[in-house]
1. Take the residues in the stretch 88-101 that are assigned to a strand (DSSP E or B) and either within 13 Å of the chain's Cα centre (by Cα) or at pLDDT below 95 (or both); name whichever of them is surrounded by the fewest Cβ atoms within 10 Å (Cβ to Cβ).
2. If you scan the stretch 97-115, which residues turn out to be out of contact with any helix residue (DSSP H, G or I) (no Cβ under 7 Å at 6 or more places or on another chain) and more than 20 Å from D71 (Cα to Cα)?
3. Would you check if T68 is touching a strand residue (DSSP E or B) at 6+ places or on another chain (Cβ under 6 Å), loosely packed, with under 13 Cβ neighbours inside 10 Å and at pLDDT 95 or above?
4. Which of the residues spanning the stretch 36-49 are more than 24 Å from M128 (Cβ to Cβ) and either modelled with pLDDT of 95 or more or aliphatic (A, V, I, L, M) (or both)?
5. Across the stretch 102-117, what is the total count of residues that are loosely packed, with under 15 Cβ neighbours inside 10 Å and either at pLDDT below 95 or among the hydrophobic types (A, V, I, L, M, F, W, C) (or both)?
6. If V12 satisfies every condition in (1) hydrophobic (A, V, I, L, M, F, W, C); (2) in a strand (DSSP E or B); (3) under 25 Å from R129 (Cβ atoms) but one, which is the exception?
7. Quick check on the stretch 18-35. Is at least one of its residues within 19 Å of L70 (Cβ to Cβ), assigned to a helix (DSSP H, G or I), modelled with pLDDT of 90 or more and over 13 Å from the mean Cα position of the chain (by Cα)?
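The values are calculated or read from the model by the stated rules, or taken from the named source; none is laboratory data. Nothing here was measured: the structure is a model prediction, and the numbers come from that model. A quick note on method: Cβ atoms are made from the backbone with ideal geometry, for glycine too, and the neighbour counts reach across all protein chains shown.
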Amino acid sequence: MLTREAHNKALVHACADRINAQDLDGALTFFGPNHVEHSAFTGTLSGVAAVRAFYGVLLAGFPDAQTTILDTIAEGDKVVVRASTEGTHTGLFLGIPPTGKHARWSFIDIYRIVDGKIVERWDEMDQMRLMQQLGLVPPPRQTG
């Protein structure tokens, strides 16, 4: 029998697999109806529509986006994932016209799970690295 933490980790991984398969409707089944999304992309929103908005923005800009989970830590009702996403910027993303550039960025998400559903998620991503790769922000100056 799986521990609660192991079950929660498996749930988060299964959700990520659905998103990588471009199955957004399937991924949404992992979220509770009163889900709260805390995101750099969308701000704080509530409901499954918030999840659809977050991934809609991402997949509109990077239709080939693929996420690789690097670490997963679980304790109690929370799962923390350190991961990276990469894809080619071929669509409108946060008002930014397509650049055609391939980008890879890292993020850390914290999921809160209740009764087998993700009810809250906090997203922290390396937005600066992404903007640099898209050519919107200059890279840091090299010294020495």
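1. Filtering the stretch 88-101 for residues that are assigned to a strand (DSSP E or B) and either within 13 Å of the chain's Cα centre (by Cα) or at pLDDT below 95 (or both), the one surrounded by the fewest Cβ atoms within 10 Å (Cβ to Cβ) comes out as I96.
2. P97, P98, T99, G100, H102, V114, D115
3. Here the answer is yes, as T68 does meet what is asked.
4. Result: V36, V48, A49.
5. 1
6. Tallying (1) hydrophobic (A, V, I, L, M, F, W, C); (2) in a strand (DSSP E or B); (3) under 25 Å from R129 (Cβ atoms), V12 fails exactly one: (2).
7. No, the stretch 18-35 has no match at all.
Here's the yes/no breakdown for (1) among the aliphatic types (A, V, I, L, M); (2) in a strand (DSSP E or B); (3) farther than 22 Å from H38 by Cα:
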site	(1), (2), (3)
A60	yes, no, no
D64	no, no, yes
T72	no, yes, no
R82	no, yes, no
I108	yes, yes, no
V119	yes, yes, no
P140	no, no, yes
